[in-house]
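Undergrad: Have a look at this one before I ask anything.
All of the numbers you see were taken from the coordinates with simple rules; none came from a lab. On a predicted model such as this, the values are computed, not experimentally measured, just so you know. Reconstructed Cβ throughout: ideal geometry from the backbone, glycine too, with neighbour counts over all protein chains shown.
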Amino acid sequence: MINKKLIAPFYERLSLVLIGILALGFIIVQGKEILDPLMFGFLFAILLLPVSGFFEQKLRMPRSASSFLAIILLVAFVGGVLYR
């Protein structure tokens, strides 16, 4: 029993890669309404992680309270920047 790998020709592999890139681009464009809030949520979560960790470790707050306070501080900061 010989294990023989089938290698597709170059033009077949290239066309599959190009179709995959086009399909991924189409999915990203169509899923923009879902991906935008997810990306902003991920960004805010990463930005608030050190603040929440500070409240948990230094001020000995529970995790839920420290997360809530970090979110309240973010909203207050954004509101203060946008307030004229």
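Undergrad: Per residue of the chain, what 222 nm ellipticity follows from adding -39500 (n - 2.57) for every DSSP H run with n ≥ 4, rounded to the nearest 500?
TA: About -28000 deg cm²/dmol.
Undergrad: Quick one: pull the percentage of alpha-carbon pairs in segment 10-82 with a separation above 18 Å.
TA: Distances greater than 18 Å cover 61 percent of the Cα pairs.
Undergrad: With charges set only on the Cβ (+1 for Lys and Arg, -1 for Asp and Glu), what does the dipole of the chain come to about its Cα centre, in debye to the nearest 20?
TA: Here the size comes out at about 260 debye.
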